[in-house]
Amino acid sequence: MSLFSAVEKAPNDPILGLNDQFGADENPRKVNLSVGVYYDETGKLPLLECVQRAERQMADAPKARGYLPIDGIAAYDSAVKNLVFGAGSDAVNSGRVATIQSLGGTGGLKVGADFLKKVNPNAKVLISDPSWENHRALFSQAGFTVEFYPYYDAVKRGVNIDGMLTALETAEPGTIVVLHACCHNPTGYDITSQQWDQVVAIVKERKLVPFLDLAYQGFGNGIAEDGAVIQKFVAAAGDFLVATSFSKSFSLYGERVGGLSVFCASKDEADRVLSLLKVMIRTNYSNPPTHGGSVVATVLNTPDLRALWEQELANMRTRIRQMRTLLVADLKAAGVKEDMSFITQQIGMFSYSGLTKEQMVRLRNEFGVYGVDSGRICVAALNTKNIDYVCQSIARVLQ
Ligand code: PMP
């Protein structure tokens with residue numbers, strides 16, 4: 001009998017499993033709205049011009065690939081810090097932020113989770129109900145007990161802010177609260193600036209530990225607007241963590257580019273925190289890879305490439321908004337009686353469509369339109385060629 005004979009088959013990732021099913025579907029009109037990926041108007045994954053130019057610059061001055069420092073490329077880390085906390089801000093200038101280059105946003109969350117497990121091993125983790133699937137798994141895997149705070153209100157079609165605030169008010173001091181900084185995945189509903197003020201005040205009062213997941217900076221209302229909540233936490237002056245992802249904002253999903261920033265009480269504390277983050281990294285994957293980080297650092301630190309990136313990101317953001325507006329209009333034109341205008345109140349890549357699991361299964365099986373069983377669809381995968389078919393299919397299952 002082998003050691004591994006008792007290993008049970010783990011369930012497939014529900015969303016990636018849908019991808020496989022989509023690949024095997026022979027329906028010529030099939031549309032994949034299940035994954036969290038931005039596709040352009042032609043249905044293709046974009047390779048941003050700013051990325052191509054940075055890569056050409058890099059190819060013109062080729063560099064050997066030695067090991068990077070454990071915390072990554074210094075110019076990358078400082079670019080992340082400036083992007084998240086503001087270039088020239090007190091937070092950055094005071095040296096109170098410890099930042100490391102991570103393997104995507106997921107890597108930032110995982111290094112942060114391992115770090116928190118060392119400094120506060122008995123803390124509970126609260127995530128939104130619902131949340132990105134991997135939050136629960138990742139924090140559980142790091143050894144934490146994970147529970148939910150109320151978030152989505154299906155009847156109101158929005159955020160159950162009272163439920164959320166009450167859960168935070170009654171959380172034990174030291175509880176880690178995972179918050180979506182913008183473009184909530186999966187619902188598409190964000191809380192307002194005033195509601196953020198309430199959250200920040202409770203977090204401070206209850207001495208909770210906020211862990212902001214900033215996976216979509218620039219996909220909502222703009223780079224600064226989507227990062228505005230970070231300033232609120234800085235002003236409240238407590239410790240907090242931010243995981244950054246460039247997967248979507250640079251369309252560099254496969255390069256695994258992200259970061260983790262920890263806001264500390266002083267420079268001295270930040271130095272000590274950084275040393276512990278490095279231990280977490282060293283004992284896990286030792287140091288990050290070179291290519292994606294160099295591309296992002298080159299773009300963010302070169303003014304004309306930076307301007308080009310901001311424009312290309314704005315184009316992606318605008319196209320998603322146009323698809324939201326078109327979706328509402330086309331659903332109506334396709335005969336959907338229900339008021340679907342809530343779709344334009346949602347923000348970012350995703351929409352909780354309000355469709356039931358049965359309706360999502362019918363969409364998939366009868367029409368080849370793939371969304372997640374929760375009713376989540378990726379608006380960023382719609383385009384003017386597939387949207388009519390998607391709307392007609394939704395209209396049929398809603399009849
Ligand atoms: N957090 C959220 C909320 C996400 O939606 C995602 C990506 N789907 C991530 C983190 C992970 O990002 P990355 O692919 O950069 O690891």
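Before moving on, here are some points about what is shown:
- Scanning the stretch 77-99 for residues that are surrounded by 20 or more Cβ atoms within 10 Å (Cβ to Cβ), within 16 Å of Leu300 (Cα to Cα) and away from the ligand (no atom under 14 Å from the Cβ) returns Asp77, Ala79, Lys81, Leu83, Val84, Phe85, Thr99.
- Identity of the residue in the stretch 356-399, of a type in the set (Ser, Thr, Tyr) and within 22 Å of the chain's Cα centre (by Cα), that ends up farthest from Leu327 (Cα to Cα): Ser374
- Selection within the stretch 342-395: residues that are β-branched (Val, Ile, Thr) and within 15 Å of His184 (Cα to Cα). The member of this set that is surrounded by the fewest Cβ atoms within 10 Å (Cβ to Cβ) is Thr344.
Every residue, every condition in (1) in a strand (DSSP E or B); (2) within 10 Å of the ligand (Cβ to nearest atom); (3) of a type outside the set (Asp, Glu); (4) not assigned by the TED database to the domain that holds Leu212, yes or no:
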| position | (1), (2), (3), (4) |
| --- | --- |
| Gly105 | no, yes, yes, no |
| Val111 | no, no, yes, no |
| Lys117 | no, no, yes, no |
| Asn122 | no, no, yes, no |
| Val125 | yes, no, yes, no |
| Phe139 | no, no, yes, no |
| Gly143 | no, no, yes, no |
| Tyr149 | yes, no, yes, no |
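- Each residue in the stretch 10-19 was checked for being without any contact (Cβ under 8 Å) to a residue 40 or more places away in the chain and part of a loop (DSSP other than H, G, I, E, B), and 3 pass.
- Within the stretch 189-204, being among the aliphatic types (A, V, I, L, M) and closer than 20 Å to Asp239 by Cα holds for Val199, Val200, Ala201, Ile202, Val203.
- Pairing each residue of the stretch 228-248 that is not assigned by the TED database to the domain that holds Val37 with any residue that is of a type in the set (Lys, Arg), provided the two are 6+ apart or on different chains, yields C-beta distances under 7 Å for Ala236/Lys204; Gly238/Lys204.
- Options Val262, Val279; residue that is buried (at least 22 other Cβ atoms within 10 Å of the Cβ), modelled with pLDDT of 95 or more and in the same structural domain as Tyr216 (by the TED database): Val262
- Options Val84, Val7: the member that is part of a loop (DSSP other than H, G, I, E, B) and of a type in the set (A, V, I, L, M, F, W, C): Val7
- Test for Tyr189: is it under 28 Å from Ser374 (Cβ atoms) and away from the ligand (no atom under 13 Å from the Cβ): yes
- In this structure, Glu338 does satisfy being more than 23 Å from Lys385 (Cα to Cα), in contact (Cβ under 8 Å) with a residue 60 or more places away in the chain and not assigned by the TED database to the domain that holds Tyr253.
- Residue-level analysis places Phe233 among those that are at pLDDT 95 or above, more than 16 Å from the ligand (Cβ to nearest atom) and aromatic (Phe, Trp, Tyr).
- Of all the criteria given as (1) away from the ligand (no atom under 16 Å from the Cβ); (2) in contact with a Lys or Arg (Cβ under 9 Å, 6 or more places away or on another chain), the one not satisfied by Asp153 is (2).
- Only one entry of Val203, Val159, Val178 meets the criterion of being touching a helix residue (DSSP H, G or I) at 6+ places or on another chain (Cβ under 6 Å), modelled with pLDDT of 95 or more and of a type in the set (Val, Ile, Thr), and that entry is Val178.
- Checklist (1) more than 16 Å from the ligand (Cβ to nearest atom); (2) not assigned by the TED database to the domain that holds Val155 applied to Gly371, failing item: (1)
- Scanning the stretch 252-286 for residues that are within 16 Å of the ligand (Cβ to nearest atom) and polar (S, T, N, Q) yields Ser261, Asn284.
- Lone unmet requirement of (1) free of Cβ contacts under 8 Å to residues at least 40 places away in the same chain; (2) under 26 Å from Arg256 (Cβ atoms); (3) assigned to a loop (DSSP other than H, G, I, E, B) for Pro210: (3)
The values are calculated or read from the model by the stated rules, or taken from the named source; none is laboratory data. From a predicted model like this one, the values you see are computed outputs, not experimental measurements. Reconstructed Cβ throughout: ideal geometry from the backbone, glycine too, with neighbour counts over all protein chains shown.
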